Every structure is written in C-alpha cells, then in structure tokens.
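Some notes on the structure that comes next.
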Amino acid sequence: MPIPQRRPEPPFPVLRAGYVVDFHNRSACSQCTKDGCPSLADARETLRAWRNRKNRS
Ligand SMILES: [Zn+2]
C-alpha cells in the first residue's frame, strides 16, 4: 500500500513563529517597544533555525 508523499509539518513552535512574523507585518503586539520586539526577534530566530535545518537534510 503506497504511502502518500507529504511534506513534514513544521513543529508547533515554528508554526507559531510564522504567525508572529506575519502578525508583525500588519501591527504591533503587546510586547512591541520602539526599540524592537523580543517576541518578533525570537520568532525570526526560530524560523531561521528551522530553515537552516531543512536545508541541511
Ligand atoms: Zn511585537
């Protein structure tokens, strides 16, 4: 029985990071300051690490 080829789903933290970045394209969150946003910085780092891992394998 053939197994349908599916892309592996990103883990929840990665999905959440993508949502956070997308959200910041439109508006600010509760953690945003004029100097930047720790939440957004964290999300970008999470996405970057995920992309780097995918490229390697
Ligand atoms: Zn923010």
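Please compute, over every Cα-Cα pair in the chain, the percentage with a separation greater than 19 angstrom. Before the final figure, lay out the partial values.
Numbers: 640 of 1596 pairs.
Beyond 19 Å sits 40 percent of the P(r) for the chain.
Using only the alpha-carbon atoms, how far is helix 38-56 inclined from the longest principal axis of the chain? Give it as 0 to 90 degrees, nearest 10.
Result, in degrees: 20.
Go through the cysteines of the chain and tell me which have no other cysteine Cβ under 4.7 Å away.
Among the cysteines of the chain, those whose Cβ sits 4.7 Å or more from every other are Cys29.
Just in region 1-50: which trypsin sites (Lys or Arg not before Pro) are loop by DSSP and have at most 15 other Cβ atoms within 10 Å? If you can, show how the numbers build up before the last one.
On the way: sites: Arg6, Arg16, Arg26, Lys34, Arg44, Arg48; in loops: Arg6, Arg26, Lys34.
Answer in residue order: Arg6, Arg26, Lys34.
Among Pro38, Val21, Pro8, which residue has its Cα furthest toward the positive end of the charge dipole of the chain, with +1 on Lys/Arg Cβ and -1 on Asp/Glu Cβ?
Checking the options against the dipole of the chain, the answer is Pro8.
Where a number appears in this text, it was derived from the coordinates with a stated rule and is not lab data. Predicted model, so just to flag it, every value in this text is computed and none were measured. Ideal geometry is used to build each Cβ from the backbone, glycine not excepted, and the neighbour counts take in all protein chains shown.
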